[in-house]
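Computed from the coordinates by the stated procedures, all read-outs in this text should not be read as laboratory data. All values derive from a computational prediction rather than experimental measurement. Note: ideal-geometry Cβ built from the backbone for every residue, glycine included; neighbour counts use all protein chains shown.
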Amino acid sequence: MTKSNTQQAKCLCGSVKITAHNINPKFSVCHCDACRLWGGGPFFAVQCGAEVNFEGADNITEYASSTWASRAFCSRCGTHLYYRLNKTQHYNMPVGIFADMKDLVMDMQYFTDKRPDYYCFSNHSKEMTAAEIYSYFAADI
Ligand SMILES: [Zn+2]
Ligand SMILES: [Zn+2]
């Protein structure tokens, strides 16, 4: 097991403060249509497990973005806070909200066949297409 890695984050306006107790610095990038529509670009996400505490939770708006996951943002400033899987209750949070993360590595790119032609990362990472993801995660969805 990896050692516990606690990190803190806050939204742009400071209304929501987050403490995540089990962050994996190997982050993923999602090129899917929903993530690009949500944030205007690919979603850089760190896996935070289920042990996440929120201060100012009254300011969080959460909605079901699909039948298997929810997305949330700060109701005051709009900062995107998390994508959470219903089944595991595990949080995926934007890399950029954690100011002090170290040793970050782009480990995986999801939905690479959905990536538009107008950008491409030079990072070397694992990659999965939509078909590979649906077959791999079929059991979890
Ligand atoms: Zn905010
Ligand atoms: Zn996505």
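Can you give the relative contact order of the chain as a percent, counting alpha carbon pairs under 8 Å and 6+ residues apart? Result for the chain is 25 percent. For the chain, the number of Lys pairs separated by eight or more positions or lying on different chains, with C-alpha atoms closer than 20 Å, is 7. Going by neighbour counts of Cβ atoms within 10 Å, the residues Ser66, Ser15 line up, fewest first, as Ser66, Ser15.
Considering only Val29, Val105, Val46, the mean-square fluctuation computed in a Gaussian network model of the chain, springs between alpha carbons under 10 angstrom, is largest for Val105.
Classification of region 50-93 by its C-alpha gyration tensor yields an oblate form. The axis ratio a/c (a ≥ b ≥ c) is 1.5 or more, and b/c is at least a/b. Taking other C-beta atoms within 10 angstrom as a stand-in for reagent exposure, Leu12, Leu37, Leu104 fall in the order Leu37, Leu12, Leu104, fewest first.
Here region 7-136 is assigned +1 on the Cβ of each Lys and Arg and -1 on the Cβ of each Asp and Glu. Its dipole about the Cα centre then comes out at about 140 debye.
Among the chymotrypsin sites (Phe, Trp or Tyr not before Pro) in region 25-70, those located in a DSSP loop and surrounded by at most 16 other Cβ atoms within 10 Å of their own Cβ are Trp68. Each Lys or Arg adds one and each Asp or Glu subtracts one; over the other residues with Cβ under 14 Å from the Cβ of Phe98, this totals +2. Of Thr67, Thr19, Thr79, the residue with the greatest mean-square motion in the GNM of the chain, using alpha carbon springs below 10 Å, is Thr67.
Relative to one another, the C-alpha centroids of region 9-44 and region 94-125 are positioned 11 Å apart.
Tell me the net charge near Thr19. Cut-off is 13 Å between Cβ atoms, Thr19 excluded, with +1 for each Lys or Arg and -1 for each Asp or Glu.
Result for the neighbourhood of Thr19: -1.
Think of region 7-136 as a dipole: +1 on every Lys or Arg Cβ, -1 on every Asp or Glu Cβ, centred on the Cα centre; then among Ser135, Ser28, Cys48, Cys48 lies furthest on the positive end.
Using the alpha carbon gyration tensor of the chain, what are the three equivalent-ellipsoid semi-axes (square root of 5 times each eigenvalue), largest first, in whole Å?
Details: eigenvalues 109, 59, 51 Å².
Over the Cα atoms of the chain, the ellipsoid semi-axes are 23, 17, 16 Å.
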